[in-house]
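*Asks:* Before I ask anything, let me first share the structure, which is written out below as structure tokens.
The values are calculated or read from the model by the stated rules, or taken from the named source; none is laboratory data. What you see is a predicted model; the values in this text were computed from it and never measured. No Cβ is skipped: glycine too gets one built from the backbone with ideal geometry, and neighbour counts run over all protein chains shown. Note: accessible area is taken over every heavy atom of the protein model, side chains too, but ligands, DNA and RNA are not part of it. Shrake-Rupley method; radii C 1.70, N 1.55, O 1.52, S 1.80 Å.
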Amino acid sequence: MVQGMLKIARLFASKSCKKKTRTSIQYSMFSPYLVFVFFTLVAILGFIFSSNSMNLIYAQIEISIDKNITSQTFNETISEDADPKPDILYSALKSDNIVGEVQNNFTYPIELIRITASVYDKNGVMAATGDTYTSDYELGPGSRSGFDIYLDEKLPSNSKYTLTTSFEKSRDLKPEALQVGVGKNSKASNNFKILGEVVNQGQNNANSVKVSGIFYDKDHKVVDVEYTYTNPDIIGPNKKAPFELSFYTDNPEKIKSIAINAQSNEYSLMTNTTQNKTK
């Protein structure tokens with residue numbers, strides 16, 4: 001290739017000498033070398049651009065599209081966190097909602113316990129979804145809380161569903177300082193109501209005092225879940241405030257026992273009246 005370039009340069013130089021003066025002839029002696037340098041630079045640049053083009057062509061990520069997509073496993077409770085997970089003691093689909101209760105089976109308190117439901121029809125096609133947090137913000141070891149997931153539409157009772165749980169570990173367990181007293185309960189044709197009061201035995205105000213209830217049938221299966229706030233929801237030290245838990249139910253006669261819990265931003269329920277003691 002180089003020899004060919006030299007021949008072209010010499011030919012070009014010899015033709016130039018015939019038409020030029022002595023000064024031109026002296027100058028033409030250097031022309032072959034200049035032409036050689038020029039073509040050499042062109043060849044080098046061409047190689048560089050060619051190499052870059054090759055790199056661009058092969059700098060790709062190749063993926064396969066013929067792999068099967070893994071199917072979801074149905075009809076079991078799973079957790080977004082590593083095992084173990086909070087226990088879902090019981091759950092049931094009731095037309096347009098799913099009720100149940102969760103127990104903290106850890107040795108430490110947990111909070112922000114979230115339950116997500118995916119509901120499928122008889123053919124396994126997803127028909128509805130919903131999520132909720134447990135009635136109680138924080139659960140100590142062994143404690144229980146109810147949940148009620150509202151669905152967008154009514155579904156057959158034989159629909160299949162999965163429940164997924166997520167939670168966070170609490171930094172500290174709230175000190176026990178709230179005492180619950182349960183008073184009169186009443187059952188109407190389509191309504192259930194229970195009255196009570198919460199006493200703050202702590203040294204500071206109890207703010208946003210929340211009372212929750214899990215309502216069971218004779219077999220201790222969850223019929224309904226409800227919560228409310230005391231009136232007022234701020235209770236001073238050694239003070240008390242009433243509450244009313246009332247809700248609609250098709251058959252209030254099914255309710256045979258109730259588990260009550262109370263929490264505030266600062267305190268939890270006292271041990272001698274914990275939610276695990278059924279009233």
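*Asks:* If you take the residues in the range 233-274 that are among the small types (Gly, Ala, Ser), assigned to a strand (DSSP E or B) and touching a Leu at 6+ places or on another chain (Cβ under 8 Å), which one is surrounded by the fewest Cβ atoms within 10 Å (Cβ to Cβ)?
*Replies:* Per the stated criteria, the residue is 268.
*Asks:* With the range 76-175 as the region, which strands (runs of 3 or more DSSP E) entirely inside it contain at least 3 residues that are within 18 Å of residue 221 (Cβ to Cβ) and either open to solvent by 20 Å² or more (accessible area, probe 1.4 Å) or without any contact (Cβ under 8 Å) to a residue 40 or more places away in the chain (or both)?
*Replies:* Here the list reads 87-94.
*Asks:* In addition: Out of all the residues in the range 182-204, which are exposed (fewer than 14 other Cβ atoms within 10 Å of the Cβ) and either assigned to a strand (DSSP E or B) or among the aromatic types (Phe, Trp, Tyr) (or both)?
*Replies:* Matches in the range 182-204: 183, 184, 186, 191.
*Asks:* A further question on this structure: State all residues of the range 205-227 that are assigned to a loop (DSSP other than H, G, I, E, B) and under 19 Å from residue 244 (Cβ atoms); if no residue qualifies, say none.
*Replies:* 208, 209
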